[in-house]
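What follows is a set of notes on a single structure, which appears directly below.
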Amino acid sequence: MWDAAQDPILFVLTIAAILSLFLDVYVSNKPDTGWIKGLALLISVAIVILVTAINDLQKERQFRELMEKQESGLQADVIRNGEQVRVKYQDLVVGDIVQIHAGLVLPADGVLFRADHIKCDESALTGESLDVPKSLEEDPWLLSGTSVKQGSGTMIVTCVGLFSEEGIIQKLITGVGEEESDRLLELDNAHTPAHERQTDSHLALSTLNETTSSHEQERSSLEPSSNSDGVSKARSDSESSSDYEDEGPDKKKSILQAKLQRMALQVGYAATAVALLTLVVLVVSFSVQYFGTDGNSYSADVWSDYVEFITTAIVVLVVGIPEGLPLAITISMAYSVKQMMNDHNLVRVPASCETMGNATTICSDKTGTLTTNRMTVVKAWIGGRVFNEIEDARDLPTDLIERLKASIALNSSRSANYSIDPESGLPIQENNKTECACLKFADDLSDRPYTAYREETPVEDYVKVYPFDSATKRMETVVRLPSGKYRVYVKGASEIILSFATAYDVGNDQTKPLTADDRAALERDVIVRFAEQALRVICIAYKDFDEAQDWEQEEELLTDLVVSAFVGIQDPVRPEVPDAVATCQRAGVTVRMVTGDNMITARAIAINCGIITEQDDGEGVVMEGPDFRRRVVKEDGSLDYEEIQRIGTKLRVMGRCSPSDKFNLVKGLIKAGEVVAVTGDGTNDGPALAEADVGFSMGIAGTDVARQASDIVITDDNFSSIVKAISWGRNVYDSISKFIVFQLTVNVVALTVAFVGACAIRESPLRAVQLLWVNLIMNVFAALALATERPTAELLERAPYGRSQPLVSRIMMRQILGHALYQLPVLLLLIFYADEMFDIQSGRRYDLTVQQREDEILTQHYTFIFNTFVWMQIFNELNARVVNDNLTVPGLPRLLGNFCRPFVGFFSNPIFVSVVLGTIVAQVLIVQYGGLAFETTPLGGTLWGASIAFGAGSLIWNLAMPTKTVVCLDLTPTSPLPAAAEREGPARREVGLLCARMFLLLSMTRKIVLLRRVL
């Protein structure tokens, strides 16, 4: 509530209301009625503050629910009572054994007791961007909130919750939990002898500080250099980019927010100028009339009038400033975020849902997004033979099968496991789906399960482990055999592992050399043939050593490998993906697939998805990552953005894509003016996800690092959910556009009426409290009604707006100016002629007697004008539901369809219906019973009918406006100016047509007035 009251304009209005109370009651000596106007103004301000506070509270609650839902889904692989289980982060306790793997955001502080090439990103705590190596000997301490960038291992939890490193920092920042932590410390001290209170965690912390300081000294002597892929250079370019000049790395401003900020400033300046002019005209005209023409001498009573003039000017400023825009975008985004949860989109950054509506390209992963992520080995090459049925491979030599099964079971992450669902009979795969498919394949080769091999050779007995690296696309595990020899198991991309191999296993302890013809045959008949069938091809190999080697020299271990098998893993395309891709293409969104698979597999799957066709095989449509890298990365490590733009016009599929390739592609496309959405699930996808305008991470297969770097989490890992996000994003943009049309129309009309009234009749016909009510309708109720429309299928039948599209389009400007040209003449006509048209008492100041002015009588004249103005906005709210030229309704004649178009889907939005009905009821109560508080007097049936008729005229006038116009308010500095030679003629014709129709309406109305006088 206090935050909502911090608006300086509301503060000035409160002071003005207090002054009005004091002057009217004590100076003007009106103790019976003088308090009503000031109190009504205070109540109006209180209502505005209350409504704003309620909306802020709802927004905060929705954000908390979002964060709690996000945090509740985080789980860690924990060993308890000798069994591996998945435990929520908040349920971890000291002593739990947690398995560490790349992509994990550490849930608690702990100490490593097994580590394989672990590197952690501790920048969240230290600000140091370089990854920190972890080992049992030098730095075994792991801190909560940091992320594991590579490697695997096991740690024992030492601190959780408020006592972890992340908990301590949060407690220092927010103060939340400080009392609880103090209570727990006192409880611990009460049961612990004084000489034992120096706990292991304190000793660990001191050791950690010493280790950290030593690492900082080591890193301070190192100079970061650009890598060969150009990522470092690209990141530095990104950080200095003008697009994010005023924003921190975690505060990307949406495209709509940037446009709204510019528009709000321009409209605010105009409203301020009009308010100041209104105040000057009111004060000067009153002073000349009071002191000059009437010859009155100074008295304290005049200050009551001056305060009223100031209040009117302030309220004009309140109405003129589009302060409802932030509220509208907040309501629209909050509503969309909540509804998008039902469409499997967990929005972490609310602004991203609007940005997604402007997306012009999507760079999508393959596995799990375009495909089902239910990996199955359907083909294999073993011992020189291709097996289309895995069961047929059981007849192979036993020793060959044993070596192959041991390689698969041991050279894989221990967190990868599968089980059979007793109901469906399908495998339930945990963690890495590719490894799970290989484990299932191994079990199908013989009756001995893969778990037996793992029990026989526990992780502690491993000699060396090289975890999977997306750059090298392979992994290795070194074990010692019972015979005393050593064996290196290798698994990875087929063509890469084949390049290291010189023989293949044929069983019976025999190998056969790979000749040049054999190698060519494998590439042609296995790798290419499998890939053409949209299979991911993986090679499994090994090498034996008689004695220990320098296991740190990875490359030297990979010579003269023996191939055990090639396996073809099928990951079927999701059945809904082709239609979703086609929808994107119709919506003007380019879909690009970036994958680690080879070009042949990538192309086959892209054809199945509909991203490309069989005929789309020209140069540049399908490209390999290394080729892309060679063309776009300069010798100094910087990016050739012009080359990326040339490539991007054709590129649809990139195979063998590394994380740096994806990052460079995204950066280049954004530089070229595209609005880019990216999907990713791995730790190394983090830079691309963070760089993209909208980053989508996978809720099922994605790592914690990827989810934290993303803006939206797809909870079902389905590409069709991204299409729904586009629909909701465009709906947000259109909802805000509808509100802008409505608000700017009210702004133009209210400001003009107030200013013309001040100049012509030396007062505003719309009173301060009445304008506050209009402001409440405009800022809150209209925002609530127009910002909660549901998306329609039409949204995906047009091209995206992109970055350069003006916020106020030509169609929107036509509606704003067109309806202002209707409302303004009608209201001005009523101000000067309504008393004669309807035979009522004039409310104009110069038509009142001195006594009437002193008594401040309420007239039906100004009440009628206020009522008509509000009814115009009620009906114009219906017109604002359509912000495009698609005014036809299928099955209806064009004219009738144009009239009915604003009502399409009206009753399907209960919020809109409730707002309109609520506004009508409130307006009736204000007019009939508002009295002195709202400065209204009850109206009769004729005046009520005329008010509603003039308001409904907006619907008829909507048909009279041209369906096309070239008038455009360009509020984006990046968009090109229209060619005057091309647009000047049509613009004049459209404006002339509008003016002619308006003058015709005024002429007819004037004739009616004259006819009434004659009669």
- Of the listed peptides 906-919, 90-103, 367-380, 803-816, what is their order by residue-averaged count of other C-beta atoms within 10 Å, with the highest listed first? 367-380, 803-816, 90-103, 906-919
- Item | Accessible-area composition of region 720-819, carbon plus sulfur, in percent [1.4 Å probe] | 62
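One quarter of the convex hull surface, Cα atoms only: what value does that give for region 405-464 in nm²? Mind showing how you got there, number by number?
Details: hull surface 17.0 nm².
Computed as one quarter of the Cα hull surface, the answer is 4.3 nm².
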- Any idea of the accessible area per residue across region 378-565, 1.4 Å probe, to the nearest Å²? 45
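What is the Rg over Rh value, at two decimals, for region 431-545, using alpha-carbon atoms and the Kirkwood definition of Rh? Walk me through the intermediate numbers first.
Details: Rg = 15.3 Å, Rh = 15.9 Å.
In region 431-545, Rg relative to Rh is 0.96.
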- Task: Quick one: which residues, 5 or more positions from residue 624 or on another chain, have an amide H under 5 Å from its amide H? H modelled 1.01 Å from N in the peptide plane, none for Pro or chain starts.
- Result: 655
- For residue 592, distant residues with modelled amide H under 5 Å away: 362, 363, 364
- For region 702-714, what does the Karplus curve 6.51 cos²θ - 1.76 cosθ + 1.60, with θ = phi - 60°, yield as ³J(HN,Hα) per residue in whole Hz, taken in order and with x for Gly and Pro? x, 7, 4, 5, 4, 5, 6, 7, 8, 9, 9, 9, 7
- Message: Using protein chains only and a probe of 1.4 angstrom, how many square angstrom of residue 120 are accessible, to the nearest 10?
- Response: 0
- Query: Considering amide H positions built from the backbone, and no H for Pro or chain starts, which residues 5 or more places from residue 597, or on another chain, come under 5 Å of its amide H?
  - Reply: 656, 657
- Query: In Å², what does the accessible area per residue of region 77-175 work out to with a 1.4 Å probe?
  - Reply: 45
- Note on the structure: Along region 526-535, Karplus-curve 3J(HN,Hα) (6.51, -1.76, 1.60; θ = phi - 60°) to the nearest Hz, with x for Gly and Pro, reads 10, 5, 5, 5, 4, 5, 5, 8, 6, 9
- Note on the structure: Neighbours of residue 908 by Cβ distance under 10 Å: Lys/Arg at +1, Asp/Glu at -1, summed charge 0
- Note on the structure: Protection proxy (average C-beta count within 10 Å per residue), highest first, orders 487-497, 512-522 as 487-497, 512-522
- Query: Rule-of-thumb check for region 347-395: C-alpha Rg over 2.2 N^0.38 Å?
  - Reply: 2.14
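My understanding is that a pair violates if its Cα-Cα distance is over 25 Å; which of 149/724; 338/366; 149/543; 338/433; 491/650; 379/405 do that in this structure?
Working: 149/724 32 Å; 338/366 27 Å; 149/543 28 Å; 338/433 31 Å; 491/650 34 Å; 379/405 16 Å.
Beyond 25 Å: 149/724; 338/366; 149/543; 338/433; 491/650.
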- Query: By accessible area of protein heavy atoms, probe 1.4 Å, what ranking do 959, 766 get, highest first?
  - Reply: 959, 766
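Run the numbers on region 378-565 and let me know its relative contact order in percent, using alpha-carbon pairs under 8 Å that are six or more apart.
Details: 302 pairs, mean separation 43.5, N = 188.
Once divided by the residue count of region 378-565, the mean separation gives 23 percent.
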- Item | Vicinal HN-Hα couplings computed from phi for region 810-820 (Karplus, 6.51 cos²θ - 1.76 cosθ + 1.60; Hz; Gly/Pro x) | 4, 5, 5, 5, 4, 5, 5, 5, x, 6, 5
- What does the highest-first list of 535-542, 141-148 look like by mean Cβ count within 10 Å? 535-542, 141-148
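Compute the semi-axes of the equivalent ellipsoid of region 530-590, taking the square root of 5 times each eigenvalue of the Cα gyration tensor, and list them largest first in whole Å.
Working from the Cα gyration tensor, I get semi-axes of 44, 15, 8 Å.
List the relative contact order of region 77-175 as a percent without decimals, with contacts defined as Cα pairs under 8 Å and 6+ residues apart. Each step should come with its number before you reach the end.
Values: 223 pairs, mean separation 34.1, N = 99.
Answer for region 77-175 is 34 percent.
Given a 1.4 Å probe and every protein chain left where it sits, what share in percent of the accessible area of region 77-175 is carbon and sulfur?
Details: 2340 of 4500 Å².
Result for region 77-175: 52 percent of the exposed heavy-atom area is carbon or sulfur.
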- In nm, the gap between the two label points placed 7 Å beyond Cα toward Cβ at residue 518 and residue 470 is 3.5
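The values are calculated or read from the model by the stated rules, or taken from the named source; none is laboratory data. All values derive from a computational prediction rather than experimental measurement. Note that we place each Cβ from the backbone using ideal geometry, even for glycine, and neighbour counts take in every protein chain shown. These accessible areas exclude ligands, DNA and RNA; they are computed on the full protein's heavy atoms, side chains included. Shrake-Rupley method; radii C 1.70, N 1.55, O 1.52, S 1.80 Å.
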